[in-house]
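Have a look at the structure below before the remarks.
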Amino acid sequence: MHPFHWVPALGERHASTDHRPSGGYPAGSTITTLCDREMRAEVGEMAWLWNTCPACNAEAHRMVGGVRQTATV
Ligand SMILES: [Zn+2]
């Protein structure tokens, strides 16, 4: 399991390491993203069709590559 979650916000899909409640981030909850911004999570079918934030995507890949040997989360 990866230490981050994908969350749609501000028209893009971002990744965040904030604790995520089971069932996902509630709409409107403030999250800190891997691209180092704070934004409110959005929900809905259409939100998952948005483009992936390039900065979050790059950081997520870096994290996945770096946590393989210590997958404690
Ligand atoms: Zn982002």
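Bear in mind these aren't lab numbers, they're just calculated from the coordinates by the rules spelled out. Treat the numbers as computed from the prediction; the structure is a model and nothing was measured. All Cβ positions, even for glycine, are placed from backbone atoms using ideal geometry, and neighbour counts span all protein chains on display.
Tabulated results
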{"read-out": "Looking only at the stretch 1-22, and only at residues there that are part of a loop (DSSP other than H, G, I, E, B) and small (Gly, Ala, Ser), the one that is surrounded by the most Cβ atoms within 10 Å (Cβ to Cβ)", "value": "GLY11"}
{"read-out": "Residues (surrounded by 15 or more Cβ atoms within 10 Å (Cβ to Cβ) and farther than 19 Å from PRO3 by Cα) located in the stretch 23-38", "value": "none"}
{"read-out": "THR52 vs. criteria within 13 Å of the chain's Cα centre (by Cα) and exposed (fewer than 13 other Cβ atoms within 10 Å of the Cβ)", "value": "no"}
{"read-out": "Boolean, ALA60 is part of a helix (DSSP H, G or I) and free of Cβ contacts under 8 Å to residues at least 60 places away in the same chain", "value": "yes"}
{"read-out": "Any hit, the stretch 32-42, residues being within 12 Å of the ligand (Cβ to nearest atom), under 9 Å from the mean Cα position of the chain (by Cα) and part of a strand (DSSP E or B)", "value": "yes"}
{"read-out": "The stretch 3-27 residues that are on the phi > 0 side of the Ramachandran plot, paired with ones that are within 16 Å of the ligand (Cβ to nearest atom) (beta carbon under 7 Å, 6 or more apart)", "value": "LEU10/MET39; GLY11/TRP50"}
